[in-house]
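Heads up: the structure comes next, in structure tokens.
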Amino acid sequence: MAKYKWTFANVGGVTRVRIQSAEDIRHLGELDKKMWTVLSCPTTGLEISADSLSLMDLDGDGKLRVDEVIKTAEWLCATLKDAESLFEQSDSIDIENIADEGLRVIGERLAVSGKVSLAQVQAAIDGVTIEAQAVPASPLEADVIAAYKEKAPEYAAYFEQEKLQKLGLAVIAEDAPKPGMKEKDFVAMGKQISDWESEVESLKLKVESELAAAKAVYEPLRKLLLVHRDFYRLLRNFVTLEDFYDRDEATVASFEAGTLIIDQRACKLCIRVHDLAKHDAQAPLSGMYLLYCNCVNQKTGKSLQIVAAVTQGEISNLSVGKNAVFYDNDGLDYDATVTKIIDNPISIRQAFWTPYRKFANWIEEKINKSAAEKDAKAFDDMTAKADAAVADPNTEKKPAFDIAKFAGIFAAIGMALGMIGTALVSVAEGLHGFAWWQYVIIFVCILLVISGPSMVMAYLKLRRRNLAPVLNANGWAVNADAIVSVLFGRTLTEQVAFPIVKLPKVKKGMATWKKWLIAICSILVGLAIVCGILHLCGFCWHCLCFH
């Protein structure tokens, strides 16, 4: 038998199989499993109906695997005359397209204009009724049965004690309450009530069984309509991930939960988080900048946890604790709070400024720490002196002026200034005589030394950004990379774009040319003063040193 010829295409930077015809679906079992993008996925928490996925989950373990997808494809191709209708993703089917005789007969009873829909089948299931069954009459009044059930444990215990007393094994107290009936009457009444309840329960089970059987007649047709609607969408998210890479507004990948609005941007790649511990191990391998958020809808009380990928913009305003709003695919809004951030490069431009941002944060941290320590030390010294003064006002003495100590300090300061001046002179001597363009090259080289490693690392990480680890953390078995390139990443995060707004007219002050003239003259005067001071100090402009 000739090997089936598949169509391949580049989807998301990876070669994948394209499912384009009914014949592709019919031969799905012949596709090498190594070529499937996904090997398994959960049947809940996705944007595909959980009812449809559970019907395809043949072993009911909560996971949909390749073999189950293949068996579903085979069943659909055997049940439908033309499997091309699967590409319509419709929940209605032409009666003439149903190959199974039994399903076609059931569908004909419900069809309108030659088509049967999921809504019609659901209405038929909800409208199923069976002939009413006569409930056997109660042998006793309801209050008598209630009183018997209330007193039954007490009476049974008394009769048991009575038997033991006859054997000399127990003694019943004189004031113990006695049943108002004999034991044989008590047992007979209990049997009467028990038999009646068993008969009613049996009738109830019979009615439920008949009702379930009557509804089960429509279940195969309901399964066909549900799977007919969702199977091709499943293939697009299982075999190729086409729904993810096709950023049409009407298309949403099965794992995309909604949109997070934060810091003047819309993050469209948001995925539900089911197990945060697994994400801690897997998600950093994705190479993406990820925000983990707790989301709560105050009206319904519904809550969920999501992870959102940020693929554009700056990150300076993103921090743990920042509030945002999340909209799910049904338009329901949630209050979102950032609980965790996985920091990875977003762009080469952002990576260029990363060393300076980290250095500035380090300086700010050191300054704050030093200020806090000095403040605490000053407070401790002040309180210690106050305590000492209260204890003995005569003990405080001003320390004597130590001229040797201050001489040493001044000498150290002078030495430091001398060393700094020598270093500056050495730099000036080294740079003296360079052309202007050489200074530009030196400046660019300094920037590259500082930012170059960060930019190179960012470039390598951006080329390897991969959604697969995030999906794996959610219980998927992804068999191929799901690359998120820089260009594709721009479609996953939308930044705000304000229109150009004209500034309001204001009263004109000094002319611009006058402002420039004053600024230039001020600079020239300042330079002249500096040059004069240096000249008076003996600075030589030829050798760039003091004489």
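List of remarks:
- Residue satisfying all of: in segment 129-145; in a loop (DSSP other than H, G, I, E, B) and not aliphatic (A, V, I, L, M); farthest from M189 (Cα to Cα) among these: T129
- Checking each residue in segment 279-301 for being surrounded by fewer than 17 Cβ atoms within 10 Å (Cβ to Cβ), closer than 21 Å to N323 by Cα and either touching a Pro at 6+ places or on another chain (Cβ under 7 Å) or among the hydrophobic types (A, V, I, L, M, F, W, C) (or both) picks out only V296.
- Cross-chain or 6+ apart pairs with Cβ under 9 Å, segment 159-182 first and closer than 21 Å to A147 by Cβ, then at pLDDT 80 or above and polar (S, T, N, Q): A176/Q161
- Taking residues in segment 243-262 that are farther than 12 Å from E494 by Cβ, and partners anywhere that are aromatic (F, W, Y) and crowded, with 20+ Cβ neighbours inside 10 Å, the pairs with Cβ atoms closer than 7 Å and at least 6 places apart or on different chains are A253/F244; G258/F326.
- The criterion of being among the β-branched types (V, I, T) and surrounded by 15 or more Cβ atoms within 10 Å (Cβ to Cβ) holds for V307.
- Under the condition of being small (G, A, S) and not in a loop (DSSP other than H, G, I, E, B), the residues counted in segment 1-37 number 3.
- Taking strands (runs of 3 or more DSSP E) as the structural unit, no element lying wholly within segment 301-391 holds at least 3 residues that are in contact with a strand residue (DSSP E or B) (Cβ under 6 Å, 6 or more places away or on another chain), farther than 29 Å from K461 by Cβ and among the basic types (K, R).
- Qualifying positions in segment 45-88 - among the acidic types (D, E) and either surrounded by fewer than 17 Cβ atoms within 10 Å (Cβ to Cβ) or not in a helix (DSSP H, G or I) (or both): E47, D51, D57, D59, D61, D67, E74, D82, E84, E88
- Neighbours by Cβ (under 9 Å, 6+ apart or cross-chain): first from segment 499-523, modelled with pLDDT under 75 and exposed (fewer than 10 other Cβ atoms within 10 Å of the Cβ); second assigned to a helix (DSSP H, G or I) and not aliphatic (A, V, I, L, M): G509/K515
- Taken over segment 298-337, the residue count meeting the criterion of being aromatic (F, W, Y) and over 23 Å from F488 (Cα atoms) is 1.
- Selected residue (criterion: farthest from the chain's Cα centre (by Cα)) from residues of segment 68-83 that are under 15 Å from L235 (Cβ atoms) and not aliphatic (A, V, I, L, M): C77
- Being surrounded by 12 or more Cβ atoms within 10 Å (Cβ to Cβ) and of a type in the set (D, E, K, R) is a property that K5 lacks.
The values are calculated or read from the model by the stated rules, or taken from the named source; none is laboratory data. Note that the structure is predicted; figures quoted are calculated from it, not measured. A quick note on method: Cβ atoms are made from the backbone with ideal geometry, for glycine too, and the neighbour counts reach across all protein chains shown.
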